[in-house]
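Take a look at the structure set out below.
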Amino acid sequence: MIKAENSEAFESAPAKAWLMGIAGWLVPGLGHLLQGKWVRALLLGGAVWICFLSGLRMGGHLFRFDGSEQGLASLLQIPPMIGDLGAGLLYIVCWLMGYGFSYPPQQAALPTFEYGWTFLLVAGLLNYLAMLDAFDIAARRKS
């Protein structure tokens, strides 16, 4: 009996679910939009876009791991970088353009600087949740 329960828990997801998850990660809201879930796409995708763009506008800092710092300081860049990377193409475009990664002292002195990078992290983490939601809908684990 236990064996049957375990096999149900580990059933494989269809390829469509993986595509919806990847689409949802790349462009926030796209995974839901492709499935006809307009309201979820607007709410979840819109929240990610607004958080990310607001974070940049507030002078927030995007994290990346470049190995330029030595020791623990370099490793501490990895968790927030993974959070930022959750925003998908928004993060990748900023990375390719070199926008949001370096900050001069006057930017760090802005009263909104801390809020800005927090908004950027929240945008990435929220998009991970939206991506998983789109995946679960396509895998028919939820409606």
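The values are calculated or read from the model by the stated rules, or taken from the named source; none is laboratory data. Since the structure is predicted, the reported quantities are computational estimates derived from the model, not experimental observations. So basically every Cβ, Gly included, is an ideal-geometry build from the backbone, and we count neighbours across all protein chains shown. In case anyone asks, the SASA skips ligands and DNA or RNA and just uses the protein heavy atoms, side chains included. Shrake-Rupley method; radii C 1.70, N 1.55, O 1.52, S 1.80 Å.
Some notes on this structure:
- Within this structure, residue 141 passes the test of being open to solvent by 40 Å² or more (accessible area, probe 1.4 Å), modelled with pLDDT of 85 or more, within 23 Å of residue 26 (Cα to Cα) and in a loop (DSSP other than H, G, I, E, B).
- Matching entry among 39, 93 (being farther than 22 Å from residue 142 by Cα and of a type outside the set (Asp, Glu)): 93
- Criterion: out of contact with any strand residue (DSSP E or B) (no Cβ under 6 Å at 6 or more places or on another chain), charged (D, E, K, R) and at pLDDT below 80 - qualifying residue of 114, 69: 69
- Subset of the stretch 65-124 (residues that are of a type in the set (Gly, Ala, Ser) and within 20 Å of residue 23 (Cα to Cα)): 83, 86, 87, 88, 123, 124
- Residue pairs meeting the criteria (Cβ under 6 Å; at least 6 apart or on separate chains; first farther than 13 Å from residue 135 by Cβ and without any contact (Cβ under 8 Å) to a residue 24 or more places away in the chain, in the stretch 19-46; second outside any helix (DSSP H, G or I) and open to solvent by less than 80 Å² (accessible area, probe 1.4 Å)): 41/29
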